[in-house]
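Please treat every number below as a calculation from the coordinates, not as lab data. Please read these numbers as outputs of a predicted model, since none were measured by experiment. All Cβ positions, even for glycine, are placed from backbone atoms using ideal geometry, and neighbour counts span all protein chains on display.
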Amino acid sequence: MRSVLYLVRRPPSRAANESVEMMLVSGVFEQPASVLFMDDGVRQLPQRQDAARLGRKDTTKALGALATYGIETLQVHAPSAAARGIAVADVGLDVQWLDDAEARTVLHAADVVITD
Amino acid sequence: MRSVLYLVRRPPSRAANESVEMMLVSGVFEQPASVLFMDDGVRQLPQRQDAARLGRKDTTKALGALATYGIETLQVHAPSAAARGIAVADVGLDVQWLDDAEARTVLHAADVVITD
Amino acid sequence: MSLVHLVQHSAGLNSCLAHVADGDAVLLFGDGVHAASDPRLAALGIPVAAINEDAAGRGVAIVPPVAAVGYDGFVALVVEHDASVTWS
Amino acid sequence: MSLVHLVQHSAGLNSCLAHVADGDAVLLFGDGVHAASDPRLAALGIPVAAINEDAAGRGVAIVPPVAAVGYDGFVALVVEHDASVTWS
Amino acid sequence: MRIALLIQGAPQGSDAPAAALRFARAALAAGHRIHRAFFHKDGVCIANRFVSLPADEPDVAAEWLAFADRHGVELTVCVAAAARRGVVDAGEAARAGLEGATLRAGFEVAGLGQMIEAMLEADRTVTFGA
Amino acid sequence: MRIALLIQGAPQGSDAPAAALRFARAALAAGHRIHRAFFHKDGVCIANRFVSLPADEPDVAAEWLAFADRHGVELTVCVAAAARRGVVDAGEAARAGLEGATLRAGFEVAGLGQMIEAMLEADRTVTFGA
């Protein structure tokens with residue numbers, strides 16, 4: 001079965017939640033799927049977010065549900081997080097931290113890459 | 001009558017054409033109005049554009065009509081143009097070239113600033 | 001005339017910084033709060049504020065020299081300055 | 001596996017450049033053609049192309065080392081590489 | 001003061017309408033008046049009555065309508081921008097040869113001149129971008 | 001090769017649907033097949049039948065429909081994304097308590113599973129972002 005990598009490069013938003021919906025459906029299909037957060041996409045990870053105050057659903061909650069749907073590999077491009085002052089302790093989800101070379105490898109390992 | 005400055009910071013697009021529509025209507029009201037192109041907004045100025053090939057109206061044509069509607073002051077933030085390799089010769093419209101200090105002055109002279 | 005610079009996206013801060021003048025103020029709102037930790041804000045010499053609920057919603061901390069304000073503070077800044085410019 | 005990097009907005013180029021590998025290619029399309037004059041493209045060591053009609057529509061010149069291609073070239077790059085990544 | 005609002009972002013793609021509403025509430029609380037809220041570009045999408053949101057997603061359009069109704073604020077969408085995005089009243093639809101209408105009650109369509117007028121009359125104008 | 005397209009940008013706000021169409025034409029000309037064109041996020045706005053464009057603005061939706069009709073390509077819009085943006089068929093509208101429909105003939109609504117299936121079956125998948 002063709003593997004898919006969801007590349008998340010945009011900050012939290014309603015449209016970001018729609019990307020998560022796609023990941024969830026992908027999991028239902030038992031398609032090998034993983035997620036890589038990069039650039040402003042890492043802003044979706046801090047657990048302190050209180051999105052209800054902004055009048056939208058909390059993306060982190062949906063991201064937390066991904067594992068339940070069979071998408072267990074959440075990966076973070078560490079340089080993107082560092083550049084935005086996001087530390088390991090800020091991220092409540094179970095994620096793998098990748099350096100540039102590892103992110104490049106992950107990007108080149110998927111049969112399909114879907115961007116947001 | 002309150003003067004308005006239209007600050008154009010985005011590249012050509014269909015939405016950019018809608019900003020130009022607003023400028024045209026502004027001119028009809030005989031409101032003192034001027035336009036300042038800055039950042040990627042300067043990409044709207046080169047006359048070599050062939051937007052029909054992209055399936056959209058040519059913004060430069062509409063910009064050329066602004067003078068007819070009483071909006072005669074088109075201003076360009078020169079550092080933005082230089083950073084994007086856009087030279088005086090590329091711009092067919094009659095524009096004023098402003099440096100940082102002049103752009104700052106223009107920005108602070110309007111009663112209302114509308115951004116795109 | 002004085003301006004309040006409304007930074008709606010963090011990328012807008014770059015342009016904003018080149019065009020501020022004495023008497024102006026900067027307000028970060030929406031995704032603009034992501035710029036709250038930008039070191040250039042400290043050297044700006046004019047007041048900088050960020051909307052606390054927009055920051056909380058994004059998990060962003062507001063620390064000095066940036067002042068945390070509510071939307072009432074947003075309104076006050078708009079009223080106190082002659083005009084506003086949105087950097088989105 | 002090899003990737004074709006589809007740069008749809010010029011800002012996407014920054015991220016793209018950090019993640020290319022041997023065997024990859026870069027294609028600038030849509031607003032991505034605005035990056036055609038970026039000096040970093042010359043040092044990349046992999047083929048870089050830009051869609052000529054997207055460039056013409058924006059008044060952008062395509063000069064070496066960037067190759068001008070049509071949408072047929074876009075299709076060829078997608079087919080020749082194992083997967084595509086869009087940097088928008 | 002009288003404050004005019006120009007809102008250019010859609011509820012799905014932007015925080016603009018939600019932020020503008022919070023601003024409007026705060027402005028009224030401080031004794032100011034919202035002279036007009038004008039929706040332009042993608043901002044007009046707020047006025048599509050066929051929008052149907054999941055129960056757990058807030059309806060910014062409904063919140064704007066409740067606010068406007070309570071405080072007598074006019075919500076205006078640009079007629080040209082709206083037509084391009086499929087937001088039309090019965091008259092606009094008929095002119096385009098279509099039956100029906102998609103404009104949500106409580107929003108009115110008008111030309112950009114309404115925004116220019118609001119801008120001229122108001123003491124302040126604030127843009128909420130896409 | 002079979003190529004699946006994922007289109008996330010709206011005709012008004014993005015060049016995505018126009019670029020995707022030019023890609024699709026070139027793909028067919030080169031002997032490939034468009035397995036499905038799936039519209040997600042703001043991309044679904046292409047399927048609003050109430051869109052009414054000035055005569056001098058090209059209708060990308062109409063061009064997509066003509067292409068799809070001629071070459072038997074399926075144009076699918078994500079049902080969830082479409083509902084959020086007021087693009088609904090009669091059934092979806094009725095479920096939301098509304099009469100009428102806004103979906104343009106020639107587009108079909110379907111769940112994201114259709115896109116996942118297309119991705120699994122196709123040899124290549126290309127995303128056209130917002």
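Summary of computed values
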item: Derived scalar couplings ³J(HN,Hα) [region C:22-39; Karplus, 6.51 cos²θ - 1.76 cosθ + 1.60; whole Hz; x for Gly, Pro]; result: 4, x, 7, 9, 10, 10, 9, 9, x, 5, x, 5, 4, 8, 4, 9, 5, x
item: Ranking of F:74, F:99 by count of other Cβ atoms within 10 Å, fewest first; result: F:99, F:74
item: Residues with amide H under 5 Å from that of residue D:67, placed H, sequence gap 5 or more; result: D:48, D:49, D:50
item: Distant-in-sequence amide H partners of residue F:111 (H built 1.01 Å from N, under 5 Å); result: F:79
item: Rh by Kirkwood over Cα pairs, then Stokes-Einstein D for chain B at 0.890 mPa s and 25 °C, µm²/s; result: 174 µm²/s
item: Per-copy distances of the residue A:2 label point, shortest first, in nm (7 angstrom along Cα→Cβ); result: 5.4
item: Contact order normalised by residue count of region B:1-91, Cα under 8 Å, 6+ apart, percent; result: 36 percent
item: Chain E residue with Cβ closest to the axis mapping E onto F, distance in whole Å; result: E:100, 3
item: Extreme residue, positive dipole direction of the protein assembly as shown, given options B:63, D:19, B:83 (C-beta unit charges); result: B:63
item: Cβ-based exposure ranking for F:78, E:45, in which fewest neighbours within 10 Å come first; result: F:78, E:45
item: Nm distances between copies for residue B:96, ranked from closest, using label points 7 Å along Cα→Cβ; result: 5.9
item: Check: region C:1-78 dipole with +1 on Lys, Arg Cβ and -1 on Asp, Glu Cβ, in debye; result: 140 debye
item: C-alpha long axis of helix E:60-71 to longest principal axis of chain E, angle in °; result: 60 degrees
item: Relative contact order, percent, chain D [alpha-carbon distance under 8 Å, six or more residues apart]; result: 39 percent
item: Rg(Cα)/(2.2 N^0.38 Å) for region F:28-91, N = residue count; result: 1.22
item: 222 nm mean residue ellipticity, helices alone, for the protein assembly as shown (DSSP H n ≥ 4; -39,500 (n - 2.57); rounded to 500); result: -9000 deg cm²/dmol
item: Rounded to the nearest 20 debye, dipole of the protein assembly as shown from Cβ charges on Lys, Arg, Asp, Glu; result: 440 debye
item: For chain D: span of alpha carbons on each principal axis (Å, largest first); result: 35, 26, 22
item: Farthest positive-ward along the protein assembly as shown dipole, Cα basis, beta-carbon charges - from F:67, D:39, A:11; result: F:67
item: Sites residue A:30 and residue C:63, calculated FRET efficiency, Cβ-Cβ separation with R0 60 Å, nearest 0.05; result: 0.85
item: Farthest positive-ward along the protein assembly as shown dipole, Cα basis, beta-carbon charges - from D:81, F:127, D:60; result: F:127
item: Shielding by partners - mean other protein chain Cβ count within 10 Å, residues of A:60-66; result: 0
item: Ascending list, in nanometres, of distances separating the residue D:64 label from those of the other copies (7 Å, Cα toward Cβ); result: 6.0
item: Peptide B:20-32 - average C-beta neighbours from other chains (10 Å radius); result: 4
item: Over region F:20-130, relative contact order from alpha-carbon pairs under 8 Å, at least 6 apart, %; result: 31 percent
item: Derived scalar couplings ³J(HN,Hα) [region B:83-100; Karplus, 6.51 cos²θ - 1.76 cosθ + 1.60; whole Hz; x for Gly, Pro]; result: 5, 10, x, 9, 9, 3, 5, 6, 9, x, 6, 7, 10, 9, 9, 10, 8, 3
item: Proxy reagent accessibility, fewest Cβ within 10 Å first, across E:127, B:59; result: B:59, E:127
item: Charged-residue dipole, Cβ positions (Lys, Arg, Asp, Glu), chain F about Cα centre, Debye nearest 20; result: 260 debye
item: Cα long-axis angle, helix E:16-29 against chain E (0 to 90 degrees, to the nearest 10); result: 40 degrees
item: Between helix C:71-80 and chain C: long-axis angle, C-alpha atoms, 0 to 90°, nearest 10; result: 10 degrees
item: Under-5 Å amide H pairs with residue D:6, H placed in peptide plane, nonlocal only; result: D:27, D:85, D:86, D:87
item: Sum of side-chain charges, residue D:45 neighbourhood, beta-carbon under 15 Å (Lys, Arg +1; Asp, Glu -1); result: -1
item: Cα centroid separation - region D:1-41 against region E:28-47, whole Å; result: 39 Å
item: For region B:73-79, 3J(HN,Hα) per residue [Karplus equation, 6.51 cos²θ - 1.76 cosθ + 1.60, θ = phi - 60°, Hz, x = Gly/Pro]; result: 9, 9, 10, 10, 6, 4, x
